[in-house]
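What follows is calculated from the coordinates using simple rules that are stated; it is not laboratory data. In this text, all values refer to a predicted model and were calculated from it rather than measured experimentally. Methodologically, a virtual Cβ is constructed for each residue, glycine included, from the backbone with ideal geometry; neighbour enumeration extends over all protein chains shown.
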Amino acid sequence: MIKFDFSRVFQPNIQKGLKEDEINEVKPKIQEAIDDMKENTPGFLRIINDQEILGQVKDLEEWLFTFNDFVVLGIGGSALGNIALHNALRPLNWNTLPKEDRGGYLRVFVADNVDPDFVSSILQQVDLKHTVFNVISKSGSTAEAMANYLAARNILESMGLDPKKHLVFTTDPEKGVLRKIANEEGIRVLDIPQDVGGRFSVLTQVGLFSAMAEGIDIDKLHEGAQAAKDRCLNEDIWNNPAALIAAIHYLFYNKGKNISVMMPYSSRLYYLADWYRQLWAESLGKKYSKDGKVVNVGQTPVKALGTTDQHSQIQLYNEGPNDKVITFIKVENFDRDVLIGKIHNEETLEYLGGRYLSELINAEYEGTRSALTESGKPNLSVEFDRIDEFNVGYFFVTYECATAIAGWLFNINPYDQPGVELGKKLTYAIMGRKGYEELAETLKVKKEFVI
Ligand code: PA5
């Protein structure tokens with residue numbers, strides 16, 4: 001199970017920290033948010049343990065395991081969950097292991113950029129004859145996903161391979177060009193439930209299919225998700241991690257802490273912070289409130305890695321402006337460990353010899369959070385007893401619920417992303433997509449200053 005330690009956001013542990021009364025003051029609003037989630041179940045909660053979704057993914061199992069490599073072509077919410085699952089739940093050297101050491105499961109790559117160097121390097125690593133490409137796009141119109149699809153298909157066709165045998169689309173059940181092509185050409189296709197937005201879709205077909213390809217237990221992910229759902233709909237907010245995460249961030253935001261750092265002390269969990277970064281930014285960064293007022297709210301999420309970023313960021317977090325709420329992620333029991341050699345007869349190294357790296361990383365986590373506490377910087381901890389499917393599923397749903405509740409507190413719609421649209425449309429204009437010609441005018445600046 002995951003434990004949440006909120007001790008270091010409150011007074012007297014943190015000077016100028018929160019008072020318990022402040023949480024109690026926002027309790028009625030949180031209650032409303034929870035009631036709303038119960039009455040109008042959001043898609044990301046509805047899909048938990050949905051046997052139709054799990055079944056649709058499992059139906060492709062036999063066919064899937066005829067391949068060796070799996071490449072996701074998607075971006076944003078259609079990729080970050082896949083990356084988080086891959087890194088958290090498979091060894092970090094998974095893609096370099098021989099097939100027997102992978103238990104026959106597939107290597108998984110995620111092409112979530114259109115950087116030609118990056119995409120080429122993925123295409124070079126995979127064995128195209130034994131590769132399945134999973135094009136994930138809810139809209140079916142995102143330039144990056146579609147360009148990578150067309151590039152991959154072009155290569156498959158130029159090699160004389162039948163694209164139908166190498167492609168699976170994951171898209172809207174009815175709309176969009178991917179659905180249309182799938183229907184016309186008989187390409188395998190998985191649904192993205194219409195009531196689940198991209199960044200909330202990791203536990204739908206979006207994340208589950210690539211996870212299953214690499215042997216991740218997708219039922220266990222949903223078991224963890226279910227446990228988190230039960231806990232995060234709990235009316236007793238002092239026993240509800242999502243409610244407390246939302247309340248703490250909201251209250252501190254109103255006191256000028258407009259940055260939310262997530263810092264896992266685990267390389268495998270680093271990508272959970274990446275997933276969180278999108279969830280928190282795109283959901284809560286909004287111009288308008290639900291009643292149409294200009295509010296320009298949003299807390300900037302930042303990711304950091306323990307212990308690596310102690311030597312890059314902690315100086316700032318400790319002594320710089322008190323404008324952050326820091327979330328640590330700690331792992332109690334690592335799957336693998338490394339013994340530190342007892343080699344030199346040197347006093348400065350003596351404390352290390354004969355100990356394990358797991359002891360050191362967790363000592364550094366303790367030391368860092370205590371130092372921050374000492375300097376009055378609010379911080380909370382998410383503690384994994386171990387990294388497994390249950391806990392990762394639990395983490396996802398806890399943070400999805402926290403985001404929904406925070407959206408309610410900020411009185412904004414956490415499920416849309418109008419601020420992404422203009423950039424997308426201007427790209428279409430630059431690339432000459434029909435119907436977007438007039439927008440090219442918007443690209444002109446009044447005065448140039450280029451040196
Ligand atoms: O959270 C979101 O809705 C976005 O980040 C989308 O996932 C992202 O823009 C990709 O969209 P699509 O799946 O339509 O290609």
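A few notes on this one:
- Shape category assigned to segment 353-419 from the gyration tensor of Cα positions, a/c cut at 1.5: oblate
- The trypsin sites (Lys or Arg not before Pro) of segment 344-451 that DSSP puts in a loop, and whose beta carbon has at most 16 other beta carbons within 10 Å, are 355, 433, 434, 444, 446, 447.
- In this Cβ point-charge picture (+1 for Lys and Arg, -1 for Asp and Glu), segment 44-220 has a dipole of about 100 debye about its Cα centre.
- Charging the Cβ of each Asp and Glu at -1 and of each Lys and Arg at +1, and nothing else, the dipole of the chain about its Cα centre rounds to 1180 debye.
- Length added when fully stretched, residue 436-residue 13, from 0.36 nm per residue minus Cα-Cα: 146.7 nm
- Entries in 3/229; 255/377; 138/165; 19/293 that, when Cα-Cα distance is taken, lie over 19 Å: 138/165; 19/293
- Extension gain from residue 52 to residue 129, taking 0.36 nm per residue of separation minus the Cα-Cα distance: 24.7 nm
- Computed from the Cβ-Cβ distance with R0 of 30 Å, the FRET efficiency linking residue 93 to residue 63 stands at 0.65.
- Estimated [θ] at 222 nm from DSSP helical runs (n ≥ 4, -39500 (n - 2.57)) normalised by residues in the chain, nearest 500: -13500 deg cm²/dmol
- For the listed peptides 194-205, 36-47, 335-346, a ranking on the average number of other beta carbons within 10 Å per residue, highest first, reads 194-205, 36-47, 335-346.
- Placing unit charges on each Cβ (+1 for Lys and Arg, -1 for Asp and Glu) gives the chain a dipole about its Cα centre, and among 171, 345, 358 the Cα reaching farthest toward its positive end belongs to 171.
- Prolate/oblate/rounded call for segment 44-220, Cα gyration tensor, a/c under 1.5 rounded: rounded
- Cα gyration tensor category, rounded, prolate or oblate, for segment 325-451 with a/c compared to 1.5: prolate
- Residue 154/residue 312 FRET efficiency (R0 35 Å; Cβ-Cβ; nearest 0.05): 0.30
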